[in-house]
1. Estimate the FRET efficiency between A:I283 and A:V101 by the formula 1/(1 + (r/R0)^6), using the beta-carbon distance for r and 30 Å for R0, to the nearest 0.05.
2. Under the rule a/c < 1.5 gives rounded, and otherwise a/b versus b/c splits prolate from oblate, where does region B:11-51 land using the Cα gyration tensor?
3. Can you give the calculated 222 nm mean residue ellipticity of chain A, where each DSSP H run of n ≥ 4 adds -39,500 (n - 2.57) and the sum is split over every residue, rounded to the nearest 500 deg cm²/dmol?
4. Partner chain Cβ atoms within 10 Å, averaged over the residues of B:15-22 - can you pull that number for me?
5. Tell me the label-point distance for the pair A:L128, A:I245, using the 7 Å Cα-to-Cβ offset, in nm and rounded to one decimal.
6. Can you put A:L66, A:L190 in order of Cβ neighbours within 10 angstrom, beginning with the fewest?
7. Grab the Cα-Cα distance for A:R24 and A:V259, subtract it from 0.36 nm times how many residues apart they are, and report the gain in nm with one decimal.
8. Quote the FRET efficiency, to the nearest 0.05, computed for B:A31 versus A:L224 with a Förster distance R0 of 41 Å and r equal to the Cβ-Cβ distance.
Amino acid sequence: MSTASATVTLPADWRDFLALTKPRVMTLVVFTGLCGMLAAPVPIHPILGFTAILCIALGAGAAGALNQWYEADLDAKMKRTAKRPLPAGRMDRQSALHFGVGLAGFSLALMYFAINLAATLILAASILFYVFVYTIWLKRRTPQNIVIGGAAGAFPPMIGWAAATGDVSTMPMLLFALIFLWTPPHFWALALFVKTDYANAGVPMLPVVAGERTTRIQIGLYTLPMILCAAAPWPLGYTGAIYGIIAAVMSGLFLAMAVQVAIRRSEPDDAMVPEKRLFKFSILYLFIVFGALVVDRWFA
Amino acid sequence: MTDDLIKTPPTPIDEAELVRARQRSRAVVMAVLLGLFVVLVFAISIVKIQLGHGG
């Protein structure tokens, strides 16, 4: 190693590798995966359950790293993402690629060794979907990017369920549909108040391409089937009244906020308070509805 | 503002030291993770044997 060279390249700090995995996004992924696993009718051994959740987290981290590897140029153009390790110049792209691929391979191998084939295949599908379908194919091409790409984030409860049971039935599919339909109102609420950022980066988010009016209507339209999916497990007999009541109350609040956003028109220099409120509430919504699923299972 | 006043270009020796510090901290993190991985694989193996699908 050269000691006195002015061109010494700093190796990335381990914290930058951690940042590459998008830990905040991972929280929701891990939580929904854990709830899917705990809501399954078959109990799983705590060590195997921990391993399954670890694999989901590592898989999500790998997908996040590969997303940042591919989107370094986009991230550099947006205020929200410019401080990430790649656009900030704290890491080279090759390290990010190797880290992402290695982590993905490791998470899949561990899932197969410790859990089962079904969970491994769904985890592989979610990583590949996020990287190839969402990041590489859709994100820069169509305003439907987060609608179709949302499927990648909807897989974790299905993986958790499959880890416990070894298969996939109607209930995990409902949970998949719930997150899939939740994604557009969640991201479009965000896109409404960071529209300029997306426009500057050339990302064809719906508010940039189709305008605010259409986006607001679409938020309202996606909310309706989403709340039906959230409510469905109770009348279909998959859960009890605890889940049903909590899901109904939370869905009612979500609908009220979504309608407020849908019928609104922003003014110049608008603080976008209802949109920010809907975005924050949508995260809380998913945490509480999935948490209710587990509580309901415990009391059943 | 104060940063600008105290910021001086790093000397090559500073940089080499920083590289070594980074490598050291990465090696420590990697060693801890590998240790935890060994424990996890051991625990998984015991559980699988107990459950009767050791394969």
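1. Approximately 0.55, to the nearest 0.05.
2. prolate
3. Computed mean residue ellipticity for chain A: -23000 deg cm²/dmol.
4. On the way: counts 9, 6, 1, 3, 7, 3, 2, 6.
Neighbouring Cβ atoms belonging to other protein chains average 5 per residue here.
5. 4.5
6. Details: A:L66 25, A:L190 22.
Ordered from fewest to most neighbouring Cβ atoms within 10 Å, A:L66, A:L190 come out as A:L190, A:L66.
7. Gain on stretching A:R24 to A:V259: 81.8 nm.
8. Plugging the Cβ-Cβ distance into 1/(1 + (r/R0)^6) gives 0.20.
Bear in mind these aren't lab numbers, they're just calculated from the coordinates by the rules spelled out. It should be emphasised that the depicted structure is a prediction, and the values quoted were computed from it without experimental measurement. Please note: Cβ atoms are built from the backbone with ideal geometry, for glycine as well, and neighbour counts cover all protein chains shown.
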